[in-house]
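A.B. asks: Below you will find the structure I want to go over with you.
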Amino acid sequence: LRRVSQKIELLKKVPMFSDLSQRHMREISKHADQLSAKTGNVLAEQGKIGWEFIFIVEGKARVEKNGKLIRQLSGGDFLGEISLIDGEPRTATVIAETDMILLVVNKTSFDHLLNKVPGLQRKILVALCKYLRSAEKATHE
């Protein structure tokens, strides 16, 4: 129980979850593993199949596509959703730039949570749209 409450406290730091009920936070916490990553660790590798959805609680990471920096990630950001949704390989490589605290959800749990937590699908869709818009803007500049 203490472990679940610790994970709920970490989830509260992720803006995507700020308006979820305690019950839904508890559901997510049951499916999320708290992990640490050291500076330099590869969190996701471009071209490889992804099996997890990762929320960044603390720390910073860089996102590279074909070896070129495309954006930075920090606390509150997440990664891995594209590969989990479409089953295709990762679109980019993500590397820890600092030591990090992460919450990691495997594919089976991710699918379960999308069906169980109201509003989570929409939040992920909105985040994907923001990402697509920023990527499109970057290619036209």
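The values are calculated or read from the model by the stated rules, or taken from the named source; none is laboratory data. No experiment lies behind these values; they were computed from the predicted model shown. Glycine gets a Cβ as well: all are built from the backbone with ideal geometry, and neighbour counts include every protein chain shown. Note: areas computed on protein heavy atoms with side chains; ligands, DNA, RNA excluded. Shrake-Rupley method; radii C 1.70, N 1.55, O 1.52, S 1.80 Å.
A.B. asks: Check GLU45, GLU58, GLU81, GLU64 and return the single one that is within 16 Å of the chain's Cα centre (by Cα) and closer than 13 Å to VAL104 by Cβ. Working first, answer last.
C.D. replies: Details: GLU45 fails: closer than 13 Å to VAL104 by Cβ; GLU58 fails: closer than 13 Å to VAL104 by Cβ; GLU64 fails: closer than 13 Å to VAL104 by Cβ.
Just a single option satisfies the conditions, and that option is GLU81.
A.B. asks: From ARG71, ARG133, grab the single residue that is part of a strand (DSSP E or B) and more than 14 Å from the chain's Cα centre (by Cα).
C.D. replies: Going through ARG71, ARG133 in turn, just one is part of a strand (DSSP E or B) and more than 14 Å from the chain's Cα centre (by Cα): ARG71.
A.B. asks: I would also like to ask the following. Restricting attention to the range 105-122, does a residue exist that is in a strand (DSSP E or B), of a type outside the set (Asp, Glu), closer than 21 Å to ALA37 by Cα and open to solvent by less than 70 Å² (accessible area, probe 1.4 Å)?
C.D. replies: yes
A.B. asks: Look through the range 39-73, keep the residues that are open to solvent by 60 Å² or more (accessible area, probe 1.4 Å) and β-branched (Val, Ile, Thr), and return whichever of them is modelled with the lowest pLDDT.
C.D. replies: Among residues in the range 39-73 that are open to solvent by 60 Å² or more (accessible area, probe 1.4 Å) and β-branched (Val, Ile, Thr), the one modelled with the lowest pLDDT is ILE70.
A.B. asks: Determine which single condition MET25 fails, assuming it passes every other condition in (1) without any contact (Cβ under 8 Å) to a residue 60 or more places away in the chain; (2) over 13 Å from the mean Cα position of the chain (by Cα); (3) surrounded by fewer than 18 Cβ atoms within 10 Å (Cβ to Cβ).
C.D. replies: All conditions pass for MET25, except number (3).
A.B. asks: Do we find a residue being part of a loop (DSSP other than H, G, I, E, B), surrounded by 15 or more Cβ atoms within 10 Å (Cβ to Cβ), β-branched (Val, Ile, Thr) and without any contact (Cβ under 8 Å) to a residue 60 or more places away in the chain anywhere in the range 86-97?
C.D. replies: Looking for residues that are part of a loop (DSSP other than H, G, I, E, B), surrounded by 15 or more Cβ atoms within 10 Å (Cβ to Cβ), β-branched (Val, Ile, Thr) and without any contact (Cβ under 8 Å) to a residue 60 or more places away in the chain, one finds at least one in the range 86-97, hence yes.
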